[in-house]
Amino acid sequence: MASFWKRLFGGGHGEPVIIVSGLPRSGTSMAMKMLEAGGFAPVQDGIRTADLDNPKGYYEDERVKDLHKMEDKSWVRNARGKVLKVISFLLKDLPEENDYKVIFMRREVAEVLASQNKMLDHRGEESETEDARMAEIYRDHLEKVDVLLRTRENFTWIDIPYSEAIRNPLEQADRINRFLGGGMDVRKMAAVVDPELYRNRA
């Protein structure tokens, strides 16, 4: 993949950082696994390991959680040409020095909340915010994210509906492949999608 990015982004910020983003529990870990199968290296530290809620792993780097308060974000530059998972609330905190290709996972808010509640139940915890209020917060947040994606000059993005990725993984893998310039193994990408993990449906 590196040679492709060098041809396409020979100047400016160089190779883009591939970002997988979305609300919590929206299929971002699945998308990371798809991209890994397709040929891109994920940026992850292995600190958060697989569990009952994400049996195939989280693909996270703990440094991302502190983007909003970091002064030195130069480490993100090392993710050029690789894939980094960034929750939607922190997209605005990515440093300006890079170009970003954002794969944004879209999932019904009701399903997101159901999945979150199941995760809290597994941990013996309870949500501090009622679902109706949380849904309102999420929808307002997604409107702001849409504006950010449309207006930030170093962002290009594609929306991937989680339900469609489950139902038609080959089609959505092909969309991601075309968005990133081609050359990925779309069949391997589609093969990692596990419909059995679609356990919370609206």
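Can you give the helix-only mean residue ellipticity at 222 nm for the chain, where every DSSP H stretch with n ≥ 4 adds -39500 (n - 2.57) and the sum goes over all residues, rounded to the nearest 500 deg cm²/dmol? Show your work: numbers first, answer last.
Numbers: 7 runs with 76 residues, N = 202.
Taking each H run of at least 4 residues, the total per residue is -11500 deg cm²/dmol.
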Inset, instruction - Please identify every one of the trypsin sites (Lys or Arg not before Pro) in the range 131-174 that sits in a loop by DSSP and has no more than 16 other beta carbons within 10 Å of its own beta carbon. - result: Arg152
Legend entry - 0 to 90° range, to nearest 10: angle between helix 169-179 axis and the chain longest Cα axis: 40 degrees
Legend entry - Angle in degrees between helix 28-38 and the longest Cα principal axis of the chain, rounded to the nearest 10: 40 degrees
Legend entry - Helix axis angle, 109-122 relative to the chain longest principal axis, alpha carbon, degrees: 70 degrees
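Working out 0.36 nm times the residue gap between Lys118 and Thr156, then minus their Cα-Cα distance, what length gain in nm do you get to one decimal?
Working: separation 38, 0.36 × 38 = 13.68 nm, distance 3.29 nm.
Here the segment from Lys118 to Thr156 would lengthen by 10.4 nm.
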Legend entry - Candidate values (1) 17.5; (2) 18.0; (3) 18.5, label of the one derived for Kirkwood radius over Cα pairs in Å: (1)
Inset, instruction - Could you run the Karplus curve 6.51 cos²θ - 1.76 cosθ + 1.60 with θ = phi - 60° over the range 141-158 and give me ³J(HN,Hα) per residue in whole Hz, x for Gly and Pro? - result: 4, 5, 4, 5, 4, 4, 5, 4, 5, 7, 10, 7, 5, 8, 10, 10, 8, 9
Inset, instruction - Rank-order 185-193, 40-48 by packing density, defined as the average count of other C-beta atoms within 10 Å over each peptide's residues, highest first. - result: 185-193, 40-48
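Do any of Lys118/Lys144; Lys65/Lys188; Lys65/Lys101; Lys92/Lys188 go past 23 Å between their Cα atoms, and which? All intermediate terms of the calculation are to be shown ahead of the outcome.
Values: Lys118/Lys144 27 Å; Lys65/Lys188 30 Å; Lys65/Lys101 19 Å; Lys92/Lys188 32 Å.
Pairs exceeding the cut-off: Lys118/Lys144; Lys65/Lys188; Lys92/Lys188.
What FRET efficiency would be calculated for the residue pair Phe89, Asn168, taking the C-beta separation as r and a Förster radius of 35 Å, to the nearest 0.05? Mind dumping the intermediate values first?
On the way: r = 28 Å, r/R0 = 0.81.
After rounding to 0.05, the efficiency reads 0.80.
Every read-out reported here was derived from the displayed coordinates using simple, explicitly stated rules and does not represent laboratory data. As the structure is a prediction and not an experimental result, all values here were calculated from the model. Please note: Cβ atoms are built from the backbone with ideal geometry, for glycine as well, and neighbour counts cover all protein chains shown.
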